[in-house]
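First the structure, in the form of structure tokens, and then the observations on it.
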Amino acid sequence: MPASQTWKRHSTSYAAAPSAAPTWPGPPPAPRKYSSASPTSPTPSRPGTAPHPDLTAARRAVTRGLDIDDTAEILYQDWMLIEDQAGNRTGVSAAYETLRGINQRLQIGIDGETEKVFDTIMSRPAS
């Protein structure tokens, strides 16, 4: 039997029945939230947005964010700004060096904005 006839024979015997749309017992499930981080999560930790910023709360927010994603450079920028606000240049350097180590492990460079934040802070005289 030629191949074309074999295909026809098999294709007609395996014809699919018309499909009906699936019915759900209720409304579709709501989208799941997989993490508590959101694009605005660093916002509360931005220093200088309140007359007397709560640096302890800001540090907690950054720490929580870094626990979720230790490669989020914006959080390291926030960490440096928080430590700068607290007058802790050692903390600024610790944040920068931590990020640098992670980026070396990932074989990527540090973002220009992060470099700018670090250089701006470190170029000012220590208070």
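The values are calculated or read from the model by the stated rules, or taken from the named source; none is laboratory data. Just so it is clear, the model here is predicted, and its values are computed rather than measured. Ideal geometry is used to build each Cβ from the backbone, glycine not excepted, and the neighbour counts take in all protein chains shown.
Checking the conditions here, which among Ala94, Ala126 is surrounded by fewer than 16 Cβ atoms within 10 Å (Cβ to Cβ), modelled with pLDDT of 95 or more and small (Gly, Ala, Ser)?
Exactly one of Ala94, Ala126 is surrounded by fewer than 16 Cβ atoms within 10 Å (Cβ to Cβ), modelled with pLDDT of 95 or more and small (Gly, Ala, Ser), namely Ala94.
Looking at Val62, Val117, can you tell me which residue is touching an Asp or Glu at 6+ places or on another chain (Cβ under 8 Å), surrounded by 14 or more Cβ atoms within 10 Å (Cβ to Cβ), part of a helix (DSSP H, G or I) and not small (Gly, Ala, Ser)?
Within the list Val62, Val117, the selection yields Val62.
Based on what the data block shows, is Thr71 within 18 Å of the chain's Cα centre (by Cα) and either part of a loop (DSSP other than H, G, I, E, B) or buried (at least 17 other Cβ atoms within 10 Å of the Cβ) (or both)?
Yes.
Quick one: what pairs do we get from the stretch 98-118, first residue in contact (Cβ under 8 Å) with a residue 40 or more places away in the chain, second in a helix (DSSP H, G or I), C-beta under 6 Å, 6+ apart or different chains?
Once the first residue is in contact (Cβ under 8 Å) with a residue 40 or more places away in the chain and sits in the stretch 98-118, its partners that are in a helix (DSSP H, G or I) give Thr114/Glu73; Thr114/Gln77; Val117/Gln77; Val117/Met80.
Hey, any hits in the stretch 87-102 for a residue that's part of a loop (DSSP other than H, G, I, E, B), of a type in the set (A, V, I, L, M, F, W, C) and closer than 19 Å to Ala126 by Cα?
Taking every residue of the stretch 87-102 in turn, none turns out to be part of a loop (DSSP other than H, G, I, E, B), of a type in the set (A, V, I, L, M, F, W, C) and closer than 19 Å to Ala126 by Cα.
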